[in-house]
Amino acid sequence: MPHLKSKQVLALVTNYGVEQDELLVPMRHLRDRGAVVTLAAVSRDDVRTLVGDEKPGEAVAPDTTIDEVDPAGFDLLLVPGGTINADTLRLQDKAVSVVEAFTSSGRPVAAICHGPWALVEAGKVSGARLTSYPSLATDVRNAGGTWVDEPVVRDSGAGFPLITSRNPKDLPDFLREIDAVLDAA
């Protein structure tokens, strides 16, 4: 049922290594609900997803590049995981700038699995309560966040709405909270 017709979502990824379901399941879910989802990658080459960080997944064409996208018109930032994707993404200055633009303006960010690394890199987890793939717990704590092991956490302790989940098994809870934040906006 399309309730999100006027909502604009930006998905931020690299071109290799994003966890397939952490990108495609939310994109399809949000589009089915009427949102416009724009996929921004490092280059215009296909985004090659992985399953479990190792098996080849679906390839998807990006809509734009991270360098070309203007984050101003979007209602929510989606940062999927995948170890390779997230580790590479946080080294992209423009990607970190996009995260800063969302968080500084108080707009929501939804990050799953290794996705919160981009928030750590941007210095935006201080005061937040969040979850992620367990290997990020120390990074989150060192950056001033409170890491918890829960399927989904929705928190505004860092000054913006933040939705986080641990892995693809948490996608139903993750999507429920994204829907709730976008419905309320």
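Between a first residue in region 28-42 that is on the phi > 0 side of the Ramachandran plot and touching a residue at least 24 places away in the same chain (Cβ under 8 Å) and a second residue that is charged (D, E, K, R) and surrounded by fewer than 21 Cβ atoms within 10 Å (Cβ to Cβ), which pairs have beta carbons less than 7 Å apart while being 6 or more apart in sequence or on different chains?
Every condition considered, the pairs that remain are Gly34/Lys5.
Filter region 140-185 for residues that are of a type in the set (Lys, Arg) and within 17 Å of the chain's Cα centre (by Cα); which is surrounded by the fewest Cβ atoms within 10 Å (Cβ to Cβ)?
Among those that are of a type in the set (Lys, Arg) and within 17 Å of the chain's Cα centre (by Cα), it is Lys169.
Name the residues in region 124-139 that are part of a strand (DSSP E or B) and either surrounded by fewer than 23 Cβ atoms within 10 Å (Cβ to Cβ) or at pLDDT below 95 (or both), would you? I'd like the intermediate steps shown before the answer.
Initially, region 124-139 is screened for residues part of a strand (DSSP E or B), giving 129-130.
Result: Arg129, single match.
From the list Asp183, Asp139, Asp149, Asp173, which one is in contact with a Phe, Trp or Tyr (Cβ under 8 Å, 6 or more places away or on another chain) and on the phi < 0 side of the Ramachandran plot?
On inspection, the qualifying residue turns out to be Asp139.
Which numbered condition trips up Glu54, out of (1) touching a residue at least 12 places away in the same chain (Cβ under 8 Å); (2) over 21 Å from Phe174 (Cα atoms)?
(1)
In region 56-99, what count of residues is obtained for those that are crowded, with 17+ Cβ neighbours inside 10 Å and more than 19 Å from Thr131 (Cα to Cα)?
13
Just give me the residues in region 19-52 being of a type in the set (A, V, I, L, M, F, W, C) and either in a helix (DSSP H, G or I) or surrounded by fewer than 16 Cβ atoms within 10 Å (Cβ to Cβ) (or both), in sequence order.
Step one: of region 19-52, the residues of a type in the set (A, V, I, L, M, F, W, C) are 23-25, 27, 30, 35-37, 39-42, 47, 50-51.
The answer is Leu23, Leu24, Val25, Met27, Leu30, Val51.
Could you go through region 71-94 and let me know if any residue there is in contact (Cβ under 8 Å) with a residue 12 or more places away in the chain, aromatic (Phe, Trp, Tyr) and in contact with a helix residue (DSSP H, G or I) (Cβ under 7 Å, 6 or more places away or on another chain).
Scanning region 71-94, I find no residue that is in contact (Cβ under 8 Å) with a residue 12 or more places away in the chain, aromatic (Phe, Trp, Tyr) and in contact with a helix residue (DSSP H, G or I) (Cβ under 7 Å, 6 or more places away or on another chain), so the answer is no.
What about Asp75, is it within 26 Å of His3 (Cβ to Cβ) and in contact with a Lys or Arg (Cβ under 6 Å, 6 or more places away or on another chain)?
yes
In this structure, is Thr103 crowded, with 19+ Cβ neighbours inside 10 Å, modelled with pLDDT of 95 or more, β-branched (Val, Ile, Thr) and closer than 23 Å to Gly52 by Cα?
Criteria not met by Thr103.
Please go through region 140-181 and pick out each residue that is of a type outside the set (A, V, I, L, M), closer than 18 Å to Glu121 by Cα and in a helix (DSSP H, G or I).
Arg141, Asn142
Show the residue pairs meeting these rules: Cβ distance below 8 Å; 6+ apart or different chains; first residue within region 1-22 and closer than 20 Å to Lys169 by Cβ; second residue at pLDDT 95 or above and of a type in the set (Lys, Arg).
From region 1-22, the pairs are Gly17/Arg48.
Do we find that Asp46 is touching a residue at least 12 places away in the same chain (Cβ under 8 Å) and in contact with a Pro (Cβ under 8 Å, 6 or more places away or on another chain) in this structure?
When the stated conditions are applied, Asp46 passes them.
Would a scan of region 109-131 turn up a residue that is among the acidic types (Asp, Glu) and under 27 Å from Lys5 (Cα atoms)? If you could, list the steps in order and put the result at the bottom.
From region 109-131, those among the acidic types (Asp, Glu) are 121; that's our starting set.
Right, trim to under 27 Å from Lys5 (Cα atoms) and you get none.
Checked against the condition, which is being among the acidic types (Asp, Glu) and under 27 Å from Lys5 (Cα atoms), region 109-131 yields no hits at all.
The values are calculated or read from the model by the stated rules, or taken from the named source; none is laboratory data. Not measured: the values here are computed from a predicted model. Note that each Cβ is placed from the backbone with ideal geometry, even for glycine, and that neighbours are counted across all protein chains shown.
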